[in-house]
Amino acid sequence: MLTHLKANLKITILYVSSLSFFVFMLLGASCASVTNIEDKVHQDILDELRANNNPIGMMGGTWYMSEQELHSVFPELYSLDINIFQRDTAYYGQAALASYVFQNGLLLQVLITFKNNDHSLGALKNNYERNQTFLSYDYGTMPQYKVSEFLSVQESQEYFLSEKKMGRVVLVHRLVILEGVLGEQIYMYLGQE
């Protein structure tokens, strides 16, 4: 009787183990296939961007890059927030701060904030127009910027704004008042088609 009980117990354990392995394989394959589908969609979008000569990223980052991949390229990155990493750099020969914004662990936005010492409107306007020329050279003709009136130096508002859509990619160049200081930013993000 004891031998019969041991044999049944071994069969039951073998059955449960086999069933667990089968469920694990099903769930694992399901999760892997979802990840593979997402990776395929991301790769298709990057291929589409390349085929249409649209940017696949900015400032050394590629759209859909993971945080770990970006850290391997730029080990000097520091965290500003749970989804935002920054580094000091130069862009168009000027000191700048590059911010990389992640959603669900994937790079979808890059913001460049210039570190201008002279925040006067005249100096910033000259710099803005110079950078518009550089952007036009790199990404095709930038639209003429729109000018808005200052409402209040305390409010967060855009003063100059030029926006260009390149397929799914949007490039925004702006003079903006943030926290009472006028500054220049270039912002690129991967949007919807």
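Quick notes
- Only one entry in Tyr137, Tyr78, Tyr91 is touching a residue at least 40 places away in the same chain (Cβ under 8 Å) and hydroxyl-bearing (Ser, Thr, Tyr), namely Tyr91.
- In region 41-68, of all residues being loosely packed, with under 14 Cβ neighbours inside 10 Å and in contact (Cβ under 8 Å) with a residue 24 or more places away in the chain, the one that is nearest to the chain's Cα centre (by Cα) corresponds to Ser66.
- Flag if Asn131 is without any contact (Cβ under 8 Å) to a residue 12 or more places away in the chain and polar (S, T, N, Q): no
- Filter pass, Asn127 being assigned to a helix (DSSP H, G or I) and in contact with a strand residue (DSSP E or B) (Cβ under 8 Å, 6 or more places away or on another chain): yes
The rows are residues; the columns are (1) modelled with pLDDT under 95; (2) over 30 Å from Asp44 (Cα atoms); (3) in a strand (DSSP E or B).
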residue	(1), (2), (3)
Tyr64	yes, no, no
Gln68	yes, no, no
His71	yes, no, no
Pro75	yes, no, no
Leu80	yes, yes, yes
Asp88	no, yes, yes
Leu108	yes, no, yes
Thr113	yes, yes, yes
Asn117	yes, yes, no
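- Verdict on Ile177 being β-branched (Val, Ile, Thr), farther than 30 Å from Glu38 by Cα, touching a Ser or Thr at 6+ places or on another chain (Cβ under 8 Å) and in a strand (DSSP E or B): yes
- Candidates are the residues of region 147-193 that are more than 20 Å from Tyr100 (Cβ to Cβ) and in contact with a helix residue (DSSP H, G or I) (Cβ under 7 Å, 6 or more places away or on another chain); the one that is modelled with the lowest pLDDT is Leu182.
- Of the residues making up region 90-106, those that are touching an Asp or Glu at 6+ places or on another chain (Cβ under 7 Å) and assigned to a strand (DSSP E or B) are Leu97, Phe102.
- Single residue of region 111-137 satisfying the filter (among the aliphatic types (A, V, I, L, M) and closer than 16 Å to Gln94 by Cβ) that is surrounded by the fewest Cβ atoms within 10 Å (Cβ to Cβ): Ala123
The values are calculated or read from the model by the stated rules, or taken from the named source; none is laboratory data. Keep in mind that what you see is a predicted model, and the values were worked out from it rather than measured. Heads up, the Cβs are rebuilt from the backbone with ideal geometry, glycines too, and the neighbour counts pull from every protein chain shown.
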